[in-house]
Amino acid sequence: MLKLFVSCDSVARSVGADEVAAALAAEAERRQVPLDVQRTSSRGLYWLEPLVELESADGRLGFGPLTADQVPALLDALTSDPIRHPLALGPVEEIPYLKTQQRLLFARAGITQPLSLDDYRAHGGFEGLSRAIGMDGAEVVAAVLDSGLRGRGGAAFPAGIKWRTVRDAKATQKYVVCNADEGDSGTFADRMLMEGDPFLLIEGMAIAGLAVGATMGYIYVRSEYPDSITALNQAIQIARDAGFLGEDVCGSGRTFELEVRMGAGAYICGEETALLDSLEGKRGVVRAKPPLPALQGLFGQPTLVHNVLTLASVPVILAKGAQFYRDFGMGRSLGTMPFQLAGNIRHGGLVERAFGLTLRELVEGYGGGTATGRPLKAAQVGGPLGAWVPPSQFDTPLDYEAFAAMGAMLGHGGVVVADDSLDMARMARFALQFCAEESCGKCTPCRIGSTRGVEVVDRLLAATDAQARDEQVILLKDLCDTLTYGSLCALGGMTAFPVTSALKHFPADFGLETSEADQ
């Protein structure tokens, strides 16, 4: 019997994976050919989707991207000489894009069925939780601290310090909250993991709960991810029935329960305190800090808040040890990061590598340059409020400190690529308009400054003489300083990044001479 694998990931489905799977089943039935089509997670090689994989003695052989009307020809090849099919890719694990990655979080991507507990356990699942149960909570916290794991949501704060703070807090009730409100442009790693490997997030949250003394966890998922919500709810029920959640986690006598909560489409709820307000049933508004959520978070109780990738990193740390994890990366940026390539890129998809590869290796090596074939102009790293990085800085290593040193950030690992046709003045204006529309309205710099910023950019672009342009440039830079240093949270604080980077590296798009932009 032929055994084939087709992704059930929502991106694969959006380009025809369901139709390909249905056509395979129908054509096999018509031909009376025994065929087993299994729906798996995605490898993250999105430019090859729909990707069909054939189980063989040499491992899985790939074919793609396929359409439903190409299925009859594919079955002809599969029953004769698969390698000679025009869309044959050879062994999937040998595709250079995938072979050179260092997958820890996405080790099961494209291999396992998302809701198969047997698949998950056969590939190392719940080994970390099993080890954690045999350890004191303080030992688990120490392992996370020793691993060097930092938050993957943007701020890159050491995760172990957060864990220790919540564990040491005195309270009768504590919480673990997963921020799955993945709203940055060009990011999809959270969605891929929740849809394709939901038990990994569940395991990470259970370890966190047992370590810090929390008995309840919430996964706050953006409303635009219905497939993630469905997968998580089903996986939670399966894990609960198997004893990995509930009042007696793995026979330990300790309690940890999980619920999924759906967001309402507000970008600001990606900020942890606004998210907590939303979880409490309130309008998502940023809270002043202190107090920190680790001491007074959800319902005023100590709360550990992390994003999906941070919590999903924990099982491998517990299963293989802190030193194993520290062996990946450079400097203070340890472990791996799932970088997401999007925008005007030839090979869009997910690349998990240890910190330290360069942006050039990522964009040109893995991404293959622009999809249009035009010259690269810039890459925006870190979401819609990330800096625009020109090709002259592409040899910078992807490292938290290296990017901070040049006025940029890695954020959630999203990389949006643009060719030389993109107008950077328009993108700077968009960043300010985006901030104005998504602001919670609590602080003046963000609420008012972003709106004034749009007006300043409009005046700058309309100016007809050098003096008028100079005046607007000075005003725009002062406004960006106010946003950076006066805003209550990162929404206003980071809005200046795309504006000042566009102004600095692409002055001609604003009608400026280089000297004017460098004032």
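In square angstrom, what is the accessible area per residue of segment 28-173 with a 1.4 angstrom probe? All intermediate terms of the calculation are to be shown ahead of the outcome.
On the way: 6710 Å² over 146 residues.
Roughly 46 Å² per residue, with all protein chains present.
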For this session: Could you give log10 I(q)/I(0) at q = 0.11, 0.18 Å⁻¹ for segment 272-410, computed by the Debye formula over C-alpha point scatterers of equal weight, without solvent?
Result: -0.56, -1.08
Exercise. Separation of segment 447-519 and segment 104-146 by C-alpha centroid, Å?
Worked result: 46
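Would you list ARG283, ARG469, ARG326 from the most to the least accessible area, probe 1.4 Å? Intermediate results must be reported in sequence, preceding the final value.
On the way: ARG283 160, ARG469 45, ARG326 100 Å².
Sorted descending by solvent-accessible area, the residues read ARG283, ARG326, ARG469.
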Exercise. If one computes the Cα centroid of segment 277-310 and of segment 42-88, what distance in Å separates the two points?
Worked result: 46
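Give me the dipole magnitude in Debye, nearest 20, for the chain about the Cα centre, with unit charges on the beta carbon: positive for Lys and Arg, negative for Asp and Glu. Show your work: numbers first, answer last.
On the way: 46 positive and 63 negative charges, 220 e Å.
For the chain, the charge dipole is close to 1060 debye.
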For this session: Ignoring everything but the protein chains, give the 1.4 Å probe accessible area of ILE83 in square angstrom, nearest 10.
Result: 100
For this session: Could you state how much accessible area HIS123 has, in square angstrom rounded to the nearest 10, with a 1.4 Å probe and all protein chains kept in place?
Result: 90
Problem set entry | Where THR40, THR372, THR165 fall by accessible area, highest first, once all protein chains stay in place (1.4 Å) | THR372, THR165, THR40
Exercise. Membrane-span-like helices in the chain: DSSP H runs reaching 18 Å or more (Cα, own axis), mean Kyte hydropathy at least -1.0?
Worked result: 17-31, 198-212, 226-241, 308-320, 424-438, 444-462, 466-486
For this session: Please list the non-local residues whose amide H lies under 5 Å from the amide H of TRP388, H modeled 1.01 Å from N, same-chain partners needing a gap of 5 or more.
Result: SER501, ALA502
Exercise. Looking at LEU276, VAL381, ALA57, which one has the Cα that reaches farthest to the positive end of the dipole of the chain (charges on Cβ: Lys, Arg +1; Asp, Glu -1)?
Worked result: LEU276
Seminar exercise, completed: The relative contact order of the chain, taking Cα pairs under 8 Å that sit 6 or more residues apart, comes to a percentage of 13
Exercise. Taking every pair of alpha-carbon atoms in segment 48-178, what share in percent sits in each 10 Å bin, from 0 to the bin with the longest distance?
Worked result: 10, 26, 26, 17, 13, 7, 1
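Residues with beta-carbon under 11 Å from that of GLY367, excluding GLY367: net charge, scoring Lys, Arg +1 and Asp, Glu -1?
Working: positive: ARG346, ARG360; negative: GLU361, GLU364.
Charge balance near GLY367 sits at 0.
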Exercise. Considering the Cα trace of segment 67-134, what is its radius of gyration and what is Dmax, both in angstroms?
Worked result: 17.5, 54
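Keeping all protein chains in place and using 1.4 angstrom, which order do MET406, MET1, MET216 fall into by accessible surface area, from largest down?
Numbers: MET406 50, MET1 170, MET216 30 Å².
Largest accessible area first, the residues go MET1, MET406, MET216.
Carbon and sulfur atoms: what percent of the 1.4 Å accessible area of the chain do they account for? Walk me through the intermediate numbers first.
Details: 10290 of 19970 Å².
Answer for the chain is 52 percent, counting heavy atoms of protein chains only.
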For this session: Give the accessible area for SER116 in Å² (nearest 10); use a 1.4 Å probe, count only protein heavy atoms, and leave out ligands, DNA and RNA.
Result: 30
Exercise. Given 10 Å bins starting at zero, what is the percent of C-alpha pairs of segment 394-519 in each, up to the one with the largest pair distance?
Worked result: 13, 43, 36, 9, 0
For this session: Please work out, to two decimal places, the log10 of the ratio I(q)/I(0) at q = 0.24, 0.26 Å⁻¹ from a Debye calculation in which every Cα of segment 242-325 carries one identical scatterer.
Result: -1.16, -1.21
Exercise. Counting only pairs 8 or more places apart or on different chains, how many lysine pairs in the chain have C-alpha atoms closer than 21 Å?
Worked result: 10
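More than 44 angstrom separation, counting every C-alpha pair in the chain; what % is that? Mind showing how you got there, number by number?
Details: 24570 of 134421 pairs.
So the pairs more than 44 Å apart make up 18 percent of the total in the chain.
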Exercise. Over segment 223-273, what number does the Rg to Rh ratio reach, with both radii from the alpha-carbon atoms and Rh per Kirkwood?
Worked result: 1.11
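Please give the per residue accessible area of segment 360-410, computed with a probe of 1.4 Å over protein heavy atoms only, in Å².
Values: 1630 Å² over 51 residues.
Spelled out: the 1.4 Å probe surface of segment 360-410, per residue, equals 32 Å².
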Problem set entry | Principal axis dimensions, segment 203-287 - Cα atoms, whole angstrom, descending | 40, 28, 18
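The values are calculated or read from the model by the stated rules, or taken from the named source; none is laboratory data. Quick caveat, the model's predicted, so the values are computed rather than measured. Heads up, the Cβs are rebuilt from the backbone with ideal geometry, glycines too, and the neighbour counts pull from every protein chain shown. Just so you know, the surface numbers come from the protein's heavy atoms only, side chains and all, with ligands and any DNA or RNA stripped out. Shrake-Rupley method; radii C 1.70, N 1.55, O 1.52, S 1.80 Å.
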